[in-house]
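The next block holds one structure in the form of structure tokens; read it before the comments.
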Amino acid sequence: MLCALPLFTLASVAAGLAAHGAQPKHGQAKHHVLVGNFGSEYNVTLMLDGTQDVGLGFLYALEIDTEKKSLELVKTSPAAAAHPWLSVNRKAGVVYGSGWSKPVNGTRTFSSYAIQPDYSVSLLNTVVSCGTKPIANDFVPEAGEHGVLYGLDFVNPCGEAWAVSKNGALERQVQALGFEEGSTLHGFVTTPDLKYMYIMNLGGNNVHGYSLFLSNGTLSSLALYPPSEVAAGPRHAVISPSGAYLYLIDEEGLRVDQFAISQSRGALEFTSVSLAVTPFGLAPANASLYWGDEIVISSDGRTLYASTRSRVAGPTTPGYISGWALDATGALVSQDPLFVKGTPGAGGTSNILSVSPWGDASKDMLVLTDQDQDFVALYELQGRELVLLDRVKYVAVFLSPLADPAAYRSFVVSRASTAVRGQCGWIDLQRCTRVEVKTMTGCVAFRMPPGSRMLDSKKSRKATAITALVLSPAL
């Protein structure tokens, strides 16, 4: 940790952002992603039952340059709540977040934000969720008149569907979903033809299958499908672009199960193929050290990626990213992985993966968020090797506006540069030696190299004049 103060722990990624409804052009060099956080006070143990006040939430916009193969934080926006899960409405230029706001009468929220041209966000509206720990959400633009947002709760056995307005704001609940007691719901996936939706029930150890009615966005229950192992804990799933196969990652089972999808009924049939998501096999002796996390497929449909997290904080016992080649039908070319690569950190409750939705030079790029060490990483698949291209770790400093701007002279950052961008800009600490923050108001983010420190100047007599100062590894 860079400091002992609260962390802005990182959560999920929304990729391929659109600002004011403008789609990023296919083939352009720069793309943008939005990253949420678990909260400035987040503690995984305290939040297990969904009752913790996790503190402040922020949304971070990052720019991927496919020519430079770089990742850069371009905007930090305060959010209505900490958002562990994000979905994007590209037509309206809106992002949706499951809100871990301070609980109100035992429930939390979902929020919608307009994405501005500079990739900051502005709140459209917030609605009350069905439970105390909303987690997964999924936006289906073809459902209803202007699209439908689906949400799940991890603690309360409930889900919901919200119709959105033309401008993307959450408008009205069109369906409430109920599940059996003991359910811990954690993921959605929809077939490419939008006929069927599947919801992963980690606690219930099954996958719920539904028919999806696009006219109004409602769901009709079909059947339950178990994973390959008892107590495997289905977490997330992805469907091949052909619609022929569903790949399911199990949290406790540490495996990916392959299912064939019936095109006429939407039924799932286990193909007897399971893939290990750590280098230690399907039934590792050290299974208690890991938990399965995310699964995604590249935009060209030819690479399957899965991630695991380590339960041991720090770099000594990392999580893993694994990859497999797929053929044109979505079937595995081989059950042998292309690679199994350790992540830079344990991952914490994150190690979420996001792939580019575009078919250009970004199609083999992969974004990972880490909650253990609080960074965002950019990878690229090069042949059979997953290469770490760039990693961004920021320390955010939030300063209340003061009557006496000279008070800011008291705050000195060692090993800093002079690169400051606007009121909510960033200061890059990678190369230079020193900078003084003088008249900045609002927020300033500092990019930290390994081993750097943030120091108060001993020469200052006005350090106490900074009335609101928060240091935390935001990214």
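Miscellaneous remarks
- A prolate overall shape is assigned to segment 219-296, the ratio a/c of its alpha-carbon gyration tensor axes (a ≥ b ≥ c) being 1.5 or greater and a/b exceeding b/c.
- Distance from segment 85-111 to segment 322-379 (C-alpha centre basis), Å: 25 Å
- Amide H contacts of Val94: Asn89, Ile115, each under 5 Å away and 5 or more positions distant or on a separate chain (H built 1.01 Å from N in the peptide plane; Pro and chain starts excluded).
- Listed pairs Lys30/Lys341; Lys30/Lys75; Lys30/Lys69; Lys30/Lys68; Lys133/Lys195; Lys91/Lys166 exceeding 21 Å between Cα atoms: Lys30/Lys341; Lys133/Lys195
- Here segment 104-216 yields Rg over Rh of 0.98, to two decimals, using C-alpha coordinates and the Kirkwood radius.
- FRET efficiency, Asp327 to Val230 (Cβ-Cβ, R0 41 Å, nearest 0.05): 0.85
- With a cut-off of 12 Å between beta carbons, the residues surrounding Ala232 carry a summed charge of -3, where Lys and Arg count +1 and Asp and Glu -1.
- Under 5 Å, built H, 5+ apart or other chain: amide partners of Ser70: Asp65
- Three-way shape label, segment 26-176, alpha-carbon gyration tensor, a/c 1.5: oblate
- One decimal place: the segment Thr317-Thr45 gains 95.9 nm when fully extended, by the rule 0.36 nm per residue minus the C-alpha distance.
- Euclidean distance of C-alpha centroids, segment 203-232 and segment 155-182, integer Å: 16 Å
- Inter-label distance, nm, simple model (7 Å from Cα along the C-beta direction), Val74/Ser262: 4.7 nm
The numbers here are math on the coordinates, done by the rules we state, and not lab data. Just so you know, these numbers come straight off a predicted model, no measurement behind them. For neighbour counting, all protein chains shown are included, and Cβ atoms are generated from backbone atoms with ideal geometry for every residue, glycine included.
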